[in-house]
Amino acid sequence: MSWIGKIRRVGRIVEPAPPLPAFAPMTTSATSATSATSATEPGSIDAVVPPTGVTGSLQLRHVDCGSCNGCELEITSAFSSVYDAEQFGARIVASPRHADGLITTGVVTHNMHQPLLNTLNAVPEPRLVIAVGDCAINGGAFKQGYGVVGSVADVIPVDVGVPGCPPTPHQIIAALRTVTGR
Amino acid sequence: MVSGGLTAALGAVGVALGLTVVFGGPRQLRIGWLLPLVGVRFDLDPVGGLFMAATGAVSIAVGIYTVGYAQREHLSRFPLIVLPLFVTAMLGVPAAGSVTTFLLAWELMAAASLVLVLSEHRREEVRSAGVFYAVMTQLGFAAILLALVVLSAAGGADSFDTIAANSGGISPGTRNAVFLLTLMGFGSKAGLLPLHAWLPRAHPEAPSPVSALMSAAMVNMGIYGIIRIDLQILGHAGASPHWWGLTLMIFGAVSAVFGVLQASVATDLKRLLAYSTTENMGLVTLALGAATLLSSYGAQDVAALAMTAALLIILSHAAFKTLAFLAAGSVLAATGLRDLDKLGGLARRMPGTTVMFGIAALGASGLPLGAGFVGEWLLLQSLIHSPHEGTTLLMLMMPLSVGAVALTTGLGIATMVKAFGVGFLARPRSAAAQAAREAPASMMAGMSLAAAACMVFAVAPVLLGPLLGRVLAALPTVGGGEAGPVLGTYLRLPGVAGSMSPGLIAGALVVAVLLAVGLTRWGARHRPAATVAPLWACGADSLSSRMQYTATSFAEPLQRVFDNVLQPETDVEVTHFAESQYLVEKVTYRTLQADPVEQRLYTPVIRAVTTWAQYVRRAHPGSVHLYLAYGALGLLIVLVIAR
C-alpha cells in the first residue's frame, strides 16, 4: 500500500498556469456585442459571471453555424495537450443538456439558423454564449453572403466575443479564463 | 369458446392427475379393446406425472387465451377442433406405459400438431414450414419406432416396467444403438442441433396459442423421452457408459449456444422465441448429460443437483415461453406484425401485454427475479462442484460447459433486451404498430395465469420443493435415493457449499428500489419544479421513429463478432446522383440471416433425395399393367422369403 502514500507525498505535478489575462477580449469588437456584461474598460479583466456561479468549471457545447473551419482548428488546438484549456476548467461536451453554454463559430447561415436556436434552447439556464472569431461577432469576411442571416450576435445574445480571423489558441484560452476565473 | 374451454378443462384434468400421481403414487389404466393384440396401457409414475402436470398447466393458460384469440383472429373451425385433441395426445405421451401406447400417443401428437401448424395453409411460408415439419417429425418418429421396437424385442416385453426389470440382460451393443436412435428421434422433437430446422419454421407460422403449446409443452416430450427411455429404463440396470453423458452434454451445449446466437440476430419476434426454445432445451440436455456423466462417476449428490436443474429449467421454460408466445400472439393480433423492426411503442398502447412480455423476457434472460434464474443457477452450481477426484474427462467437460452456459446466458440477456426494448418501448415504427389495441380480457386472463407461474418460479421455488423431491426419488440411477437439493426458503445444496434464497433476493431488490426512490425524492424536495422542454434532436426540429435503434442495428455488433458462425448475407447498395459520382442519392442495406447448419447440412441431403427420386420416378410410367406386374412380383418375393 506504499503507492497511496507516494501519491499523497508527490501530489499533482503540472506546469504553473500563466497569470490571469489582463486585457478584455471584447475591446476590438464591441460594435455588435449585445450583452451588457461584456462591455468593460480596456485593460481590466472581463467581469463575466460563470453561468453556474461556480468558478473553475465551464462545460461548453460547440456549434458551427457556418464557419470556414479556421476557428474550429484553433479551438481544437486550444483544447489540445499543447495549450490545454481544460486545466483552466473549460471543457467541450457532447450534448447541450450537459452544457453551461455554447461556443459558436462562423456566420449564421440560413440552414443553421433554426438548429442554433434549438441548441440554445436545449441548454439549461443560466447559460452563456461565447462567439469565437470575427464572423461570429460581426459577420467578418462573409458578411454580405447570399446564404447568410447575420452574425451570431445578430441572432442570439452573445456574452463573450473572441476577435480574430481566426483567433489564436492563446486568445481563446484567455477568453475562457475570464469566465472560469482560473 | 367451446374449443378453448375444452382445452383448459383437459389441462386442468392433466394437472390434477399429474399431481395426484406425484404425491399419491402410481396409477394404472388398461383399455384392452382400443388397440388390437396389445391393448392400450397407461402407467403413470412421478416422472410422467410431472410432465403431465406441466403440459396441463400450459394447456389451461392457452385454453383460456384461445377463447379471446379465436374471436379476434377469426380462427377457422378446423384448428379449433384439433386443439383439444392435440392436448389429449400430449397428455397421453407421458402417461403411456407400453411401447405401443407410447408410439400411438406420440404419432397422434405429431399429426395433430402438423394439422395445427397448417391452419393458415393459404400462405406459402406456412405450407413450406408444414412440409419441413412433417418430414422431420416423421423421420424422428421412424428413429423412435426403430429404437423402441429393438428395445422391446431385447427386453422381451411391451410394457415399460417389464423392459426396465429385464434391462440388465440387454447387450451393450443394443443399448448403445437404442440410445443413439432415441437421441436422434427425441432430439429432433426437442429441437436439438442439428435436427432443429423445423422449429424456427413451424413455431412462427403456427397460430400463437399453438406456438405456445408446441414450444412450451410439446418440445418437453422430447426431453421426457430421453429421461424415460435412456435414463430410466436403460439406466435401471446400473450406471450408463461415460460417453452417453458426454454426448448429451455436447449436443446440449452446442444447441444452447447456437440457438441463442440465432435468437440474438433474429428480427422476427416468434422466430426469436423459437430459437430461444432450442437454447433452453439445449441447457436441459446439458443438465441431463451432466447428471448422467456425474452419476456414472459415482457423484450422486451433484448428479441429483444437475437433474433438479434440468427439471426446473423445463418447468420454468414452460411457464415463461407460454407467456412469451401468448404475448407475441396478442401483439400479432393487434398489429398483424411479427417483425421487430416495424414494431415499437406498444408500451403505451398495450400496457398489459407489455408487462406480460416483460415478465416473460425477464424469465428467459435468466436474471434474478426472472423465472429461469433458479434453474440456471442450480445448473452452474452442479457444473462447478463436480468432484475433485474425477477424471480428465470431468475436468475438461465441466469448465467448458460452465463457459457454454455463461455465454448462453449473456447472449440470452442481449436477445431479450432486444425483443422487449425494440418491440415494446420507444416510438412505433409503422402505422400498424401505431394503431395497436390492447388484447381482450380472456387473452389477458390466460397470460396472467402464465405470469403468476413465472412469479412462483422466480420468487418462491419453495413451493416446488416437495414436487421435485418426489420426482427425483423416482429416478433410479440419477436421483438415486440420496437427498436432492433442498428447495426451501433458502436453497441448500447438500454435498457442496452453495446456498441461495430467491425470495430474499427479491425482497432485498424491492427494498433497495423503494429506498433509492425514497431517498431521491427526499433529496429533491427543495428543488424547483421540473419544467417541460422539447426533446433534444441534435438541432433538428423533431425526432422521427426512423432515428431509433432497430432490432437489426441492435444485433449488428453481435452479428459482426460471430460472423463465422452465423454467416449472414449482407448487401450494401449505393446509388449516386446522375450529375455527380460524389453525391449519394440513397444507400440500400439488406441483410438475410439464414441458418448456416440448415444450408450446409440440409441442402445437400435434399438435393440428393431429389436426384434419387428422379430415378425412382422412371419406374412409374403410368401403365396399369406394369403396376399389376409390380404387385405380382412383390407377392412372389414375399412368398419365397416367408416360405
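Listed values, structure above:
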{"read-out": "Principal axis dimensions, chain B - Cα atoms, whole angstrom, descending", "value": "96, 69, 54"}
{"read-out": "Accessible area buried between chains A and B, both sides summed, probe 1.4 Å, in Å² to nearest 100", "value": "500"}
{"read-out": "Amide H partners (placed H, <5 Å) of B:HIS385, local residues excluded", "value": "none"}
{"read-out": "Sorted peptide list for B:194-205, B:629-640, criterion being average Cβ within 10 angstrom, highest first", "value": "B:194-205, B:629-640"}
{"read-out": "Relative contact order computed over chain B (Cα-Cα under 8 Å; 6+ residues apart), in percent", "value": "13"}
{"read-out": "For peptides B:208-215, B:246-253, sequence by mean Cβ density within 10 Å, most packed first", "value": "B:208-215, B:246-253"}
{"read-out": "Extension gain (nm, one decimal) between B:GLU124 and B:LEU146, 0.36 nm per residue minus Cα-Cα", "value": "4.6 nm"}
{"read-out": "Approximate spin-label separation A:CYS165-B:LEU425, in nm, with each point projected 7 Å along Cα-to-Cβ", "value": "5.0"}
{"read-out": "1.4 Å probe accessible area per residue over the protein assembly as shown, in Å²", "value": "45"}
{"read-out": "Volume per residue that the Cα convex hull of the range B:244-516 spans, once the total is divided by residue count, Å³", "value": "120"}
{"read-out": "Heavy-atom SASA rank of B:VAL62, A:VAL49 (probe 1.4 Å, accessible area, largest first)", "value": "A:VAL49, B:VAL62"}
{"read-out": "C-alpha long axis of helix B:46-73 to longest principal axis of chain B, angle in °", "value": "50"}
{"read-out": "Rounded to 10°, Cα long-axis angle of helix B:624-641 versus longest principal axis of chain B", "value": "60"}
{"read-out": "Chain lengthening between B:VAL609 and B:HIS242 when straightened (0.36 nm per residue, less Cα-Cα)", "value": "128.6 nm"}
{"read-out": "DSSP beta bridges in the protein assembly as shown [antiparallel fraction, %, rounded to 5]", "value": "60"}
{"read-out": "Pairwise label distance in nanometres, B:ILE637 with B:HIS625, each label 7 Å out on the Cα-Cβ vector", "value": "2.2"}
{"read-out": "Förster-model FRET efficiency, 30 Å R0, B:LEU407 and B:ASN176, C-beta, rounded to 0.05", "value": "0.45"}
{"read-out": "For the range B:598-642: rounded, prolate or oblate by the Cα gyration tensor [a/c cutoff 1.5]", "value": "oblate"}
{"read-out": "Residue-averaged beta-carbon neighbours from other chains (10 angstrom radius) around A:88-98", "value": "1"}
{"read-out": "Rounded if a/c under 1.5, otherwise prolate or oblate - the range B:362-473, Cα gyration tensor axes", "value": "oblate"}
{"read-out": "Residues losing 40 Å² or more accessible surface upon assembly, the range B:525-552, compared with the chain by itself, 1.4 Å", "value": "B:TRP536, B:GLY539"}
{"read-out": "Nearest-20 debye value, the range B:244-516 charge dipole, Cβ charges on Lys, Arg, Asp, Glu", "value": "940"}
{"read-out": "Helix B:392-424 axis, angle to chain B major axis (alpha carbon atoms, nearest 10°)", "value": "50"}
{"read-out": "Mean Cα-pair separation over length for the range B:178-325, i.e. relative contact order, pairs under 8 Å, 6 or more apart, %", "value": "29"}
{"read-out": "Over the range B:244-516, relative contact order from alpha-carbon pairs under 8 Å, at least 6 apart, %", "value": "24"}
{"read-out": "Approximate spin-label separation B:VAL2-B:ALA16, in nm, with each point projected 7 Å along Cα-to-Cβ", "value": "2.2"}
{"read-out": "The protein assembly as shown, Cα convex hull volume normalised per residue, Å³", "value": "240"}
{"read-out": "Rounded if a/c under 1.5, otherwise prolate or oblate - the range B:116-220, Cα gyration tensor axes", "value": "prolate"}
{"read-out": "Theoretical ellipticity at 222 nm over chain B - DSSP helices of four or more residues, -39500 (n - 2.57) apiece, nearest 500", "value": "-22000 deg cm²/dmol"}
{"read-out": "For the range B:170-231, the fraction of alpha-carbon pairs in successive 10 Å shells from zero, as %", "value": "23, 45, 23, 9, 2"}
{"read-out": "Averaged over A:105-117, number of beta-carbon atoms from partner chains that fall within 10 Å", "value": "1"}
{"read-out": "Of all accessible heavy-atom area on chain B, the percent that carbon and sulfur account for (1.4 Å)", "value": "68"}
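The values are calculated or read from the model by the stated rules, or taken from the named source; none is laboratory data. Because the structure is a prediction, the values reported are computed rather than measured. Note: ideal-geometry Cβ built from the backbone for every residue, glycine included; neighbour counts use all protein chains shown. Calculation scope for accessible area: heavy atoms of the full protein, side chains included, ligands and nucleic acids excluded. Shrake-Rupley method; radii C 1.70, N 1.55, O 1.52, S 1.80 Å.
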